[in-house]
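First the structure, in the form of structure tokens, and then the observations on it.
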Amino acid sequence: MENINLDSVKSFVDTLWVIDCAILVFIMQAGFMCMETGLSRHKNSINVALKNAADFGVAVVIFWLFGFGLMFGASYNGFFGTDLFLFKTEKAEYMTYFVFQAMFVATAATIISGAVAERMKFNGYLLITILATGIIYPLVGHWAWSSSYLANMQGAEAQLLIATGTIRHTGWLSDMGFIDFAGSTIVHSVGGWIALSAVLILGPRIGKYSNANKGKFTGSSFPLAVLGTLILWFGWFGFNGGSNGAMDETVPLILINTFLAAAFGLLTGLAASFIIYKKPDAFYVILGPLAGLVSITAGCNSMTSLTAILVGIIGSIIAIGVNELLNKFEIDDVVGAIPVHLAAGVWGTLAVGFFSNLEILDTGLTRWEQIKVQFIGVGSIGLFAFLVSYILLKIINYFYPLRVSALHEELGLNIAEHNATSVEHDLISILEKQSESGDLTIRGPQDPFTAGGVIGLYYNKLMSKLESSEAQKEKWRNRISNEVKLAVKVQENFLPKRNLENYPVSGINISAREVSGDFFSFYPHNDRIYFIIADVAGKGIHAGMVMAKASTLFEIMARDQVDPDEMMFHMNNDLFTTKTGGMFVTAILGEYNLQNKDLRWVNGGHQPAIIRDNNGNYKQYESNSPPLGVISQKDKSVYKLNKEKLNNNRFYCFTDGLSESINDGEEIGIEGSIKILENNYNNELKQQLSDTTKEVIKNAANEKLSDDLTIIAIGK
């Protein structure tokens, strides 16, 4: 029997182990996709899935071009690598090393995807991926992970230069003794820091923190999100196990620590949800194990199992606390990437200094020295990742806005960014078309696997029956009549209802020209109604176009019950970016709660709002916010929210068509407007507004209006 070279066998086994682990880490990409898609709303699911696929491709290409060289090349003073660009080698173990590291850089990139979901442009996200994988991750990775492992590729001469100190391969943090075994900080918290800078620049999703939406922004599929979590858990064994670089006696400890930290993290999340919500909360069941996994990643090879359990529990608690803190300060992270990857990652890296076996770490540092170095590493990497990403993204955002428009955000990025459609969207369009045309041959989309598709299936059967009956209408006239009534009822369930008879509101608009620059609108919900009155500062068709844009923005945000001040904020910024020829919009926009009589409104550069009490006294509320579309606003607090208890009082808003109307050759002004409203006061809102406009027209010269006249009223 030929002699067996044990070193060759060991090398083969180690290479096979690392490549298998790399495949497991690759599977984590599918886990991220499922988890993020499940925690995002259905209208953005395609966008989220495509981002997860695209960032993987971009990350690997950028890493191969120059990221790998910056991270693992010959070091320039411990700060960045200077060679190994367009990485190539004939050695199998080095090829494996590149593949494994490429999986890590893709993971760092995709962490950002979930945090910025539902409001970021697809191309903008790709720019962030390039920034993360081409600059930030490779540089901090060089500081802490660069080593002489790849130096053998460069031959004996290069090895001699390394031995004599002529060529340096280690980074400055590595030289200090900083330890982050599998990347709690280098991979996870770096992704979290970049995600934090991005969400601060983007701002929260429209309506996420509106009073009426508390707890209503739930994902499209928690089962899918849980599946993604389990896939991530499975892939994490490769993430941590492969970081050992070899299949030896250390691997079992790494795997069991990984397993236990995640399991106890899950139980911690479950317990926290019972304590906070008195029931098992799906989001915390997802958050808990992922936080445990991130926490143990830095020290899974150097801690006992009991210590790993403690680290996982504390990591889960920290992630839950940071998640609540983010919500308190209205920092919108869709999937909890910042609590899990940033917060738990920081904790896990610091825990190495507190709990790891110093002999296994083999840094030559005392316990206190190791803790100090861990703090230095976490602080320097965090500061660099956050500041660089925030500054660069701020610059990019100035020239190329990273956030989609309010219209696109409310429509959903599936349609707005990818021109995709949903069965429900298509079905509603078909129903509207059929309702308008009366054409019984029109059919809707059908799919036995979606709710909308099932409705479409039965609707098509109904239409086929109706069409067949139509051919025999002489015989089946009565039956056709009943079927048609049924079809109408089905359609009515899809079409929006705007019956205001049970709401104490009324409005009237009389245009002084063909295209009015004034408009008003009401959007009712069961317990509240949204309202707007606006005046476009302009004339003709351009004013009409701006009016249409403003009206559409109001409709889509009122539908989602966005707070008035936030609604004004997004309307302003959307109108500002629209080419309006210097036009702007003054508006009063608000919400009236029918149950507690609370009235909340914002006055953006408009005529004062008026409230009449039971005694006939009127109080004016002047504008305390700028008009819409004048300048881009950075903070919604610029739109000041007015709050009053309406009770049995009455609330009025009107455009300058009323205050600038002529009586005896002079403009009547605000006081004159109040006088006309009082002269025509009536228990019926609609009658009062009708009588008021008639008096204005009568007083005007030649009974013609000089400007559009629009009035709305709310209250008993």
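A few notes on this one:
- Exceeding the 23 Å Cα-Cα cut-off - candidates LYS549/LYS675; LYS597/LYS686; LYS640/LYS675; LYS121/LYS636: LYS549/LYS675; LYS640/LYS675
- Taking the Cα centre of region 6-408 as reference, the dipole from Cβ charges on Lys and Arg (+1) and Asp and Glu (-1) amounts to some 1680 debye.
- Per-residue Cβ neighbour rank within 10 angstrom, fewest leading, HIS341, HIS570: HIS570, HIS341
- Amide H to amide H, with H built 1.01 Å from N, SER146 comes under 5 Å of GLY171, counting only residues 5 or more places away or on other chains.
- Taking the fewest neighbouring Cβ atoms within 10 Å as the starting point, the ordered list for VAL190, VAL546, VAL294 is VAL546, VAL190, VAL294.
- ³J(HN,Hα) computed for each position of region 195-209 - Karplus, 6.51 cos²θ - 1.76 cosθ + 1.60, integer Hz, glycine/proline x: 4, 4, 4, 5, 6, 5, 6, 6, x, x, 4, 4, x, 4, 10
- Legend: ranking of residues SER632, SER197, SER551 from fewest to most surrounding C-beta atoms inside 10 Å; resulting order SER632, SER551, SER197.
- Positive dipole terminus of region 1-59, leading residue within MET28, LEU39, PHE56 (C-beta point charges): LEU39
- Divide the volume of the convex hull around the Cα atoms of region 505-715 by the residue count and you get 111 Å³ per residue.
- Given charges at beta-carbon only (K, R positive; D, E negative), |dipole| of region 505-715 in Debye: 380 debye
- Across region 6-408, C-alpha contacts under 8 Å between residues 6 or more apart give a mean separation that, scaled by the residue count, equals a relative contact order of 23 percent.
None of the figures in this text is laboratory data; all of them are computed from the coordinates on show. These numbers come from a predicted model, not from an experiment. Quick reminder, even Gly has a Cβ in these numbers, built from the backbone with ideal geometry, and neighbours come from all protein chains shown.
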